[in-house]
Amino acid sequence: MEERVLMAPSILSADFTELGKAVDLVQEGGADLIHVDVMDGHYVPNLTIGPPVIKALKRVATVPLDVHLMIENAEDSVDWYLDAGADWITVHAEACEHLHRVLQTIKTSGAKAGVSLNPATPVEVLGDIVSDVDLVLIMSVNPGFGGQSFIPRSTEKVLRLAALCAGEGASPLIQVDGGIDTRTAPKVVQAGARVLVAGSAVFCEDDPVAAMEAIREAGQSVL
Ligand code: DX5
Ligand code: ZN
């Protein structure tokens with residue numbers, strides 16, 4: 001059976017005065033996950049939302065909340081996000097002193113555990129961890145802001161990650177985040193990605209649901 005490309009619209013580009021409506025719209029339109037970008041103003045130069053907003057989103061979410069933590073010391077605060085109702089939690093390998101420990105904390109709670117890599121971090125750093133995670137997130141922009149351009153080298157990086165996972169006998173979902181649209185989606189899916197995060201290419205369009213489905217179809221077309 002053909003694999004399905006999963007869509008995780010990022011509410012970072014939605015209207016923050018109407019987040020509940022934005023979540024309703026895309027989940028009714030077929031979103032598989034709701035991608036929530038948490039930024040702490042230290043690890044990345046931007047400050048977004050935290051546990052209270054995730055708790056509120058959880059009340060309206062009918063699909064899993066995919067929480068992308070762009071924060072320092074995730075080991076100290078990961079419990080806040082778990083308690084708030086995060087279903088998937090992805091931490092940055094670069095920001096965790098004890099990466100294995102924080103991933104185990106997430107898994108033990110029953111949530112899905114993901115690890116993310118910035119554009120400058122080679123996939124090889126994950127060799128000892130890919131068998132222990134549910135998801136690997138390849139950042140195809142530098143984290144911190146929506147609406148940036150896709151870094152072309154990310155496609156090859158996804159390929160290298162897929163090969164590394166195969167070599168380790170691991171099969172985490174591969175997610176790509178940053179500059180994903182109908183043009184870049186087929187490239188990363190061809191390389192092995194199966195979860196696409198898209199913010200501005202969904203929520204900055206007149207019809208976010210049609211935009212999201214167009215991205216999925218573009219990715220799905222190469223499978
Ligand atoms: C960036 C965030 C992304 C962001 C993507 O640091 O992790 O999830 O919302 O936005 P677009 O799709 O506009 O590049
Ligand atoms: Zn993100």
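Can you name every residue in the range 158-194 that is open to solvent by less than 30 Å² (accessible area, probe 1.4 Å), touching a helix residue (DSSP H, G or I) at 6+ places or on another chain (Cβ under 7 Å) and within 16 Å of ligand 2 (Cβ to nearest atom)? Answer for the range 158-194, where residues must be open to solvent by less than 30 Å² (accessible area, probe 1.4 Å), touching a helix residue (DSSP H, G or I) at 6+ places or on another chain (Cβ under 7 Å) and within 16 Å of ligand 2 (Cβ to nearest atom): V158, I174, V176, I180, A185, V188, A193. Within the range 129-145, is even one residue assigned to a loop (DSSP other than H, G, I, E, B), more than 17 Å from the chain's Cα centre (by Cα) and either within 16 Å of ligand 1 (Cβ to nearest atom) or free of Cβ contacts under 8 Å to residues at least 40 places away in the same chain (or both)? The answer is yes; a qualifying residue exists. The residue that is farthest from ligand 2 (Cβ to nearest atom), among those in the range 29-59 that are touching a Pro at 6+ places or on another chain (Cβ under 9 Å) and among the acidic types (D, E), is D32. Yes or no: I11 within 16 Å of ligand 1 (Cβ to nearest atom), open to solvent by less than 40 Å² (accessible area, probe 1.4 Å) and without any contact (Cβ under 8 Å) to a residue 40 or more places away in the chain? Against the criterion (within 16 Å of ligand 1 (Cβ to nearest atom), open to solvent by less than 40 Å² (accessible area, probe 1.4 Å) and without any contact (Cβ under 8 Å) to a residue 40 or more places away in the chain), I11 does not qualify. G30 falls short on exactly one of the conditions (1) in a helix (DSSP H, G or I); (2) more than 15 Å from ligand 1 (Cβ to nearest atom); (3) open to solvent by less than 60 Å² (accessible area, probe 1.4 Å), and that condition is (1). The selection criterion, being among the hydroxyl-bearing types (S, T, Y), surrounded by fewer than 21 Cβ atoms within 10 Å (Cβ to Cβ) and closer than 21 Å to L117 by Cα, does not hold for S140.
Per the listing L19, L69, the residue uniquely part of a strand (DSSP E or B) and open to solvent by less than 30 Å² (accessible area, probe 1.4 Å) is L69. Within the bounds of the range 62-71, is there any residue that is among the polar types (S, T, N, Q), more than 16 Å from ligand 2 (Cβ to nearest atom) and farther than 30 Å from E213 by Cα? Within the range 62-71, none of the residues are among the polar types (S, T, N, Q), more than 16 Å from ligand 2 (Cβ to nearest atom) and farther than 30 Å from E213 by Cα.
Among the criteria (1) more than 16 Å from ligand 2 (Cβ to nearest atom); (2) open to solvent by less than 20 Å² (accessible area, probe 1.4 Å); (3) touching an Asp or Glu at 6+ places or on another chain (Cβ under 7 Å), the one L126 does not fulfil is (3).
Of the listed requirements (1) over 22 Å from T108 (Cβ atoms); (2) among the hydrophobic types (A, V, I, L, M, F, W, C); (3) touching a helix residue (DSSP H, G or I) at 6+ places or on another chain (Cβ under 7 Å), V78 misses just one: (1). V209 satisfies every condition listed in (1) crowded, with 20+ Cβ neighbours inside 10 Å; (2) in contact (Cβ under 8 Å) with a residue 60 or more places away in the chain; (3) among the β-branched types (V, I, T) except (1).
Filtered by the rule that a residue be in a loop (DSSP other than H, G, I, E, B), surrounded by fewer than 24 Cβ atoms within 10 Å (Cβ to Cβ) and in contact (Cβ under 8 Å) with a residue 60 or more places away in the chain, the range 195-206 gives a lone residue, C204.
The values are calculated or read from the model by the stated rules, or taken from the named source; none is laboratory data. Everything numeric in this text was worked out from a predicted model, so none of it was measured. Using ideal geometry, Cβ is built from the backbone for each residue, glycine included, and neighbour counts are taken over all protein chains shown. Ligands, DNA and RNA are excluded from the accessible area calculation, which covers all protein heavy atoms including side chains. Shrake-Rupley method; radii C 1.70, N 1.55, O 1.52, S 1.80 Å.
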